Structure formats: C-alpha cells, structure tokens
Amino acid sequence: ELLELSRIESGQVPLKLKSVSSKKLLVTAKDRLGAQAERKGITIVLDYQKKLPRILADKPRLGQVFVNLLHNAIKFTPEGGEVRLSAHQENERVLFSVKDTGAGIPASDLQRIFERFYKTDPARTDRGTGLGLAIARHLVEVHGGQIWAESTPGKGSSFFFSIPIQPTDP
C-alpha cells in the first residue's frame, strides 16, 4: 500500500479515463465485499438516484476508493449494523457516500484521518496500515474530486466524495 500511495502521489499512476456508470460503481463495491458484510451480520443498502449521470473515470482506481471506504465501514460496524452506499447528482458532480452505523470517529480526529499512517484508536494499531484513506483521498483528487468525512462517535461515520460528471458533446 505504501508503494501504491507513493506512485499515486508522484503521478506515476496514469489514469485510463473512460465513461463509467456511477450506479455500476456502487453495485460492484457491494458485490465485492457483500460476503464479508454478510459474515459479520451487516446489511449493505444501495441508495441511488434514477438516471444517475455517467462520470469520466478510471473504473478500477475509483473502485479501489469504494473498496477502501466500504471495507472500513464493515470493519468498524458491529454485527447487526448497516452500511449505506449512495450516489446522486449535485450540480455538475456525482456525490457518492458510504455511511455506517459503526463506532464513529472523534471530532478531534476527523481532520487527520486522510493522512498516511493515521489511526484514530491507538488500541487498533494491529488493524490495517493506516494508508487506505490516504490512498482514497489521492485517487479522488486525481479524478478532480473532493473527499471528506462526518461522524458522531457511537452513531457512525459518513464518508463522501464527489466526482465531476462526464462532459456532454455539444
């Protein structure tokens, strides 16, 4: 993951931009991690706008963002919880979100969670590298997007990212 992050940060990962279905990104992420959620007794809900616009993206790279966010949501949501994958158009962007009913993140940590190696709970140092959110941030940014999080400790976290919609030909 560190090598991958270094390559992304230095611009050594060329994007292969193609027209991508915003809905398909959600469905693919759910399909990829659905069994993991099911084993833990977590429900994944898809919630998206009908007639969602396409985006210009590197599908595997943006898929990696979803997998990183969904994996974290599953990891920090207790059995019986829910993770909601959403997408809707907001002006000239598609706003994606991954919302969970997990442990939440303290407000003091929210500004730092996208830094490399940052972990919010020192007791969880054995769980992950602390690079997944940094990778997600860089991949979203190279797509011309933004990423952020909101959270309430004990009630869950919401991760959002926006990607510009595919330009239409005149």
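The values are calculated or read from the model by the stated rules, or taken from the named source; none is laboratory data. In this text the structure is predicted, and so the values were computed from the model without any measurement. Positions of Cβ are generated from backbone atoms using ideal geometry, with glycine treated the same way; all protein chains shown enter the neighbour counts. These area figures cover heavy atoms from the full protein model, side chains too; ligands, DNA and RNA do not enter into them. Shrake-Rupley method; radii C 1.70, N 1.55, O 1.52, S 1.80 Å.
Do you know which residues across segment 130-153 are on the phi > 0 side of the Ramachandran plot and either acidic (D, E) or open to solvent by 30 Å² or more (accessible area, probe 1.4 Å) (or both)?
Across segment 130-153, the qualifying residue is only G144.
G156: open to solvent by less than 20 Å² (accessible area, probe 1.4 Å) and either at pLDDT 90 or above or β-branched (V, I, T) (or both), yes or no?
Criteria met by G156.
Consider segment 91-111. How many of its residues are modelled with pLDDT under 95, open to solvent by less than 60 Å² (accessible area, probe 1.4 Å) and closer than 28 Å to Q166 by Cα?
0
Which one of these is surrounded by 17 or more Cβ atoms within 10 Å (Cβ to Cβ), hydrophobic (A, V, I, L, M, F, W, C), modelled with pLDDT of 95 or more and outside any helix (DSSP H, G or I): F161, F114?
Result: F161 is the single residue among F161, F114 that is surrounded by 17 or more Cβ atoms within 10 Å (Cβ to Cβ), hydrophobic (A, V, I, L, M, F, W, C), modelled with pLDDT of 95 or more and outside any helix (DSSP H, G or I).
Is it fair to say A123 is surrounded by fewer than 17 Cβ atoms within 10 Å (Cβ to Cβ), at pLDDT below 90, assigned to a helix (DSSP H, G or I) and of a type in the set (A, V, I, L, M)?
Values: surrounded by fewer than 17 Cβ atoms within 10 Å (Cβ to Cβ): yes; at pLDDT below 90: yes; assigned to a helix (DSSP H, G or I): yes; of a type in the set (A, V, I, L, M): yes.
The answer is yes for A123.
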